[in-house]
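Trainee: This is the structure I want to talk about, given as structure tokens.
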Amino acid sequence: MRLELRGQVSERMVYCSPVFAVIMTFLTGMLIFSFLGVNPTQAIITFFVEPVSSIDGVAELCVKATPLVLIAIGLSFCFRANIWNIGAEGQLTIGALAGGGLGLLFFNSSSQFLMPGMLIFGILGGMVWAGIPAFLKIKFGTNEILTSLMLTYIALLILSYLIHGPWKDPEGQNFPESRLFPEAGLLPIILDETRLHLGWIITLICVPVAWILMTYHLIGFQIRVMGMAPMASNFAGFRGKNIIWISFLISGGLAGLAGTIEVSGPIGQIIPVISPGYGFTAIIVAFLGRLHPIGCLLSGLLMALTYLGGDNAQIELNLPNAVTGVFQGMLLFFLLASDVLVRYRIQIIGYKNKHRNVE
Amino acid sequence: MADKKPILELLEICKGYPGVIANNRVNLEIKPGQIHALLGENGAGKSTLVKIIYGVQRCDTGKIKWKGSEISQITPQIARKLGIGMVFQHFSLFDAMTVEENIALGIPATLANENLKQNIIDISEKYGLPLDPYRYVHTLSVGERQRIEVVRCLIQNPKLLIMDEPTSVLTPQEVDKLFKTLRRLSAQGVAILYISHKLQEIIDLCHVATIMRAGEVVDTCIPSEESPRSMAEMMMGTNLIVTKKNERLVSEKPYFSVINLNHQATMEHGTDLKNITIKAHKGEILGIAGIAGNGQIELMEVLSGEITASDDSLVSIDQVSVGNLGPRKRREKGLGFVPEERLGHGAVPEMLLWENAFLSGYQSMKLMLNGFMNVTKSREYAEKIISRFNVKTPNVNVTANSLSGGNLQKFIFGREILQDPKVLIVFQPTWGVDAGSAAYIRQSLMDIADRGAVVVVISQDLEELFEISDKISVICEGELTKPEIVENITVENVGLLMSGIKPSGNDILGTQL
């Protein structure tokens, strides 16, 4: 058996492949549920319908989707340039610490500038953390996959140190948690009696801005050219180093922003676990969304649903939390598989022909 | 040989791919001992037809007869058993293995025995294909590598030998040797199907030519009774533009110059450049000849600025040093360039034509607005390129890789030329381009030289260089010879220099005066 390149890749199929991946995930999911002894239809309803059957549920969905969409949009810039920043989790953490740190520093403040300041610090924090692998790649040619990933663990350890040490709430009975942010350091709620906060609006603004930047700005053009044809990028005289810097800083900045939004939105303080792996899940979100900001928005919502569905399945069906991970993994697996099949067809070769292939 | 029965007959062969008919009712017959040319532009269906004969692909309808009897099914193995051998355009050799090992890998196990070495030596002597079975492939020249492929076929004693564009990588001397071998084979009754678009070669070598256009056989002729021009016109179905050289005003001082430039190759197996000196004047076309892999890629990178020189003063345009500038800054100084590779270097395959027009034209054509791409202006520019350079495409909203090679090359040339470069450097301008587009491109190079631009053409195609250049230099192992006025040299001289043979005496090429 071998894979043979298809002559013409159908544009429509490229966009259909995520849909196909979702359908396959549903079907396989139902199969798994029935093996677990759960009625598959009931399980799918519990997983994917119940969580969003109320306004509160939809609001929760948007709260979960906020960091995923933001990070995925940023990662799209990197991935489009063929730069493999997989350390968004670390950039999110440092962003949360930088933004949240400002909130803790002014824990008595009621200034209206505190919140914008925290967001800006969050962005800068993420940029600094993403700037390290960018610098190392440009200066020493290191592999950004390794450096960005390892920096994630460093970031998590810094978080752990701060929260167990200097930033621990003095009145917190020795729990590893920071003080609560002041009112002025919390993102305002935009829908009463839900947790839906201003971060969602920020996300919705980022989507079209990123789309325009990617499609019609010279920066986006350079990033796309470098990713699709690095030689053509040289031909045009684009500076490869600048493109590396820019794409790392955009994605780091957005991850840092997502981190600050998390701590100053739904969480309200700095705790040992800020993110349940948003930075990693966003990689799936970015690819599922075809590295396109609007695609990222849709796939971010879908991925958020798997988190909510997983929680719901735990409560309603007594299923383990790992179900969430299984669903996310299946989604990525089927997406990659259908992407391969969009570009290649499977050819089964008989034993005889296998020996001597002329071409 | 007219009374001989054909060895291979194709009757009404049809083959379609989704969206195109590659072969439409093709009839062809080849007689023993005949050297039969298959001629046509890119996309005319030559390769498909050959693949059908060799069994790599199956035809939809039609019959194949071998020695008068019909063959129901054909695969490469069956083809080889029947006595059909094929030398592909791209070699399938392992660099780290010896000649003998490579040959052993490509033949039936019964032949790959202890007599193989002797066989190789016998065959190579018999047909004038000197080949040492113990040599490693990576130490061989391209011409020698091709001999391995030919010997590999001959060892199986073929009745029909198919050769796909065999001379595109050879020096004139190597071509002569190959032709001698082919004539000898023909005299012994081996039929040869010879695919090429080099018309002069076909006239020199082939007995019969079948001409294909858009999947159909449109004509057959006796090449020796035709001229390259008449055959090109049969091939294209239209009249060919004849390039014409005008007298030009050549500037006194060189306008574009490179002085004693050394450069170490960055690629693996690249060629270092040694003491390259180029002095090119306005209104002059300088041709740089050479066999692939002798430093042309590196030279192109250094001239375009994709790799900057070690010292700013080594490269200059109009007395201004540009050695340290990248391609973007050099474009500002009036440099334009067209790389060898169209898809992925000169153009982004998956991007639309207007985006590709923006790629190199955004500065000089002012296609930007506050950092954003001005889509309307970029489209207009792409449309201008298409209409001025006869690019066949439905509109500017198609991707670059949907254009044929010739059309995309015309688009890329149009994009550079419409920016009115003072210096235009082109690498293999008509490589893999159909004859019509090639003539068009050559004419446009002459036109901009007429307007007073410096044109530097790096090419392997000597016919082309002799047609358009005013002076020719030769690059061999990273060294560039002194340019000579084209009227004072011959193709043979240049061929010798290309293969690294330096005639004795100071006057390398000028002795022909």
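We did not get these values from a lab; they are worked out from the coordinates using the rules stated. Because the structure is a prediction, the values reported are computed rather than measured. For neighbour counting, all protein chains shown are included, and Cβ atoms are generated from backbone atoms with ideal geometry for every residue, glycine included.
Trainee: What's the angle, to the nearest 10 degrees (0 to 90), between helix A:218-228's Cα axis and the longest principal axis of chain A?
Mentor: Here the helix axis deviates by roughly 40 degrees.
Trainee: Looking only at A:Cys78, A:Cys206, A:Cys62, which one moves most when chain A is put into a Gaussian network model with springs between Cα atoms under 10 Å?
Mentor: A:Cys206
Trainee: Something else about it: Restricting things to alpha carbons, find the Rg to Rh ratio for the range B:8-236 using the Kirkwood radius for Rh.
Mentor: Working: Rg = 17.5 Å, Rh = 18.1 Å.
Checking Rg against Rh, the ratio lands at 0.96.
Trainee: Note down the nm distance, to one decimal, between modelled labels 7 Å out along Cα→Cβ at A:Phe333 and at B:Glu383.
Mentor: Going by the 7 Å Cα→Cβ label model, 5.2 nm.
Trainee: Taking the Cα of B:Phe372, stepping 7 Å toward and past its beta carbon, and measuring to each backbone N in the range A:266-304: which are under 18 Å?
Mentor: A:293-294
Trainee: Give me A:Thr41, A:Thr194, A:Thr324 sorted ascending by neighbouring Cβ count inside 10 Å, so fewest comes first.
Mentor: Details: A:Thr41 11, A:Thr194 17, A:Thr324 23.
Result, fewest neighbours first: A:Thr41, A:Thr194, A:Thr324.
Trainee: Using r as the Cβ-Cβ distance of B:Asp420 and A:Ile212, and R0 as 35 Å, what FRET efficiency do you calculate, to the nearest 0.05?
Mentor: On the way: r = 32 Å, r/R0 = 0.91.
It comes out at approximately 0.65.
Trainee: Might you report the magnitude of the Cβ-based charge dipole of chain B about its Cα centre, with Lys and Arg at +1 and Asp and Glu at -1, to the nearest 20 debye?
Mentor: Working: 54 positive and 61 negative charges, 212 e Å.
Roughly 1020 debye for chain B.
Trainee: Can you tell me the alpha carbon radius of gyration of the protein assembly as shown divided by the globular rule-of-thumb value 2.2 N^0.38 Å?
Mentor: Details: Rg = 33.0 Å, N = 872, 2.2 N^0.38 = 28.8 Å.
Relative to the rule-of-thumb radius for its length, the protein assembly as shown sits at 1.14.
Trainee: Could you work out how much longer the chain between B:Glu332 and B:Asn113 gets when fully extended? Use 0.36 nm per residue separation minus the Cα distance between them, nm to one decimal.
Mentor: Details: separation 219, 0.36 × 219 = 78.84 nm, distance 6.34 nm.
Here the answer is 72.5 nm.
Trainee: Arrange A:Ile271, B:Ile192, B:Ile425 by Cβ neighbour counts within 10 Å, fewest through most, would you? List each step's numbers first, then the result.
Mentor: On the way: A:Ile271 16, B:Ile192 23, B:Ile425 26.
In order of increasing Cβ crowding within 10 Å: A:Ile271, B:Ile192, B:Ile425.
Trainee: When only alpha-carbon atoms are used, what values of Rg and Dmax, in angstrom, describe the range B:204-305?
Mentor: According to the Cα coordinates of the range B:204-305, Rg and Dmax are 21.1, 53 Å.
Trainee: How do B:Glu226, A:Glu316, B:Glu247 rank when sorted from fewest to most other Cβ atoms within 10 Å of their own Cβ? Don't skip to the answer; put the middle values down first.
Mentor: Working: B:Glu226 18, A:Glu316 15, B:Glu247 7.
Final ranking by Cβ density, sparse to dense: B:Glu247, A:Glu316, B:Glu226.
Trainee: Using the Cα atoms of the range A:231-359, I'd like the radius of gyration and the largest Cα-Cα distance, Dmax, both in angstrom.
Mentor: Expressed in Å, the Cα Rg and Dmax of the range A:231-359 come to 21.1, 67.
Trainee: Under 17 Å from the Cα of B:Lys65, which aspartates and glutamates turn up, not counting those fewer than eight places away in the same chain?
Mentor: Candidates past the 8-residue exclusion: B:Glu9, B:Glu12, B:Glu29.
Trainee: Helix-derived [θ] at 222 nm for chain A: sum -39500 (n - 2.57) over DSSP H runs of at least 4, divide by residue count, nearest 500?
Mentor: Details: 14 runs with 245 residues, N = 359.
Value at 222 nm, helices only, nearest 500: -23000 deg cm²/dmol.
Trainee: A follow-up question, please. Under 12 Å from the Cβ of B:Ser321, count the other residues' Cβ atoms, weight Lys and Arg +1, Asp and Glu -1, and hand me the total. Present the calculation step by step, with values, prior to reporting the outcome.
Mentor: Details: positive: B:Lys329, B:Arg330, B:Lys333; negative: B:Asp311, B:Asp312, B:Asp318.
Its environment carries a net charge of 0.
Trainee: Below 24 Å, Cα to Cα, which lysines can B:Lys377 reach? Residues fewer than 8 away in the same chain don't count.
Mentor: Cross-link targets: B:Lys329, B:Lys333, B:Lys366, B:Lys392, B:Lys410, B:Lys422.
Trainee: When Lys and Arg each count +1 and Asp and Glu each count -1, what net charge do the other residues less than 15 Å away from A:Pro293, Cβ to Cβ, add up to?
Mentor: Values: positive: A:Arg80, A:Arg224, A:Arg290; negative: none.
With Lys, Arg at +1 and Asp, Glu at -1, the neighbours total +3.
Trainee: Follow-up question, since we're still on this one. List the aspartates and glutamates whose alpha-carbon lies under 17 Å from that of B:Lys245, not counting same-chain residues fewer than 8 positions away?
Mentor: Straight-distance partners of B:Lys245: B:Glu284, B:Asp447, B:Asp450, B:Glu463, B:Glu464, B:Glu467, B:Asp470, B:Glu487.
Trainee: Quick check: pseudo-label points 7 Å beyond the Cα along Cα→Cβ at B:Glu477 and A:Val49, how many nm apart are they?
Mentor: It works out to 7.9 nm between the two label points.
Trainee: Still on this structure, please answer the following. Rg to Rh for the range A:286-345: what is it, with Cα atoms only and Rh by Kirkwood? List each step's numbers first, then the result.
Mentor: Numbers: Rg = 13.6 Å, Rh = 12.6 Å.
Rg divided by Rh gives 1.08.
Trainee: With each pseudo-label sitting 7 Å past Cα toward Cβ, what's the B:Ser313-A:Arg345 distance in nm, one decimal?
Mentor: Computed distance between label sites B:Ser313 and A:Arg345 equals 6.3 nm.
Trainee: Follow-up question, since we're still on this one. How many times 2.2 N^0.38 Å is the alpha carbon radius of gyration of chain A? Could the numbers behind the result be given before it?
Mentor: Values: Rg = 22.1 Å, N = 359, 2.2 N^0.38 = 20.6 Å.
In units of the globular-protein estimate, chain A measures up at 1.07.
Trainee: Given R₀ = 25 Å, FRET efficiency for B:Met97-B:Met267 by Cβ-Cβ distance, to 0.05? Could you put the intermediate results ahead of the total?
Mentor: Numbers: r = 23 Å, r/R0 = 0.91.
Computed FRET efficiency for B:Met97 and B:Met267: 0.65.
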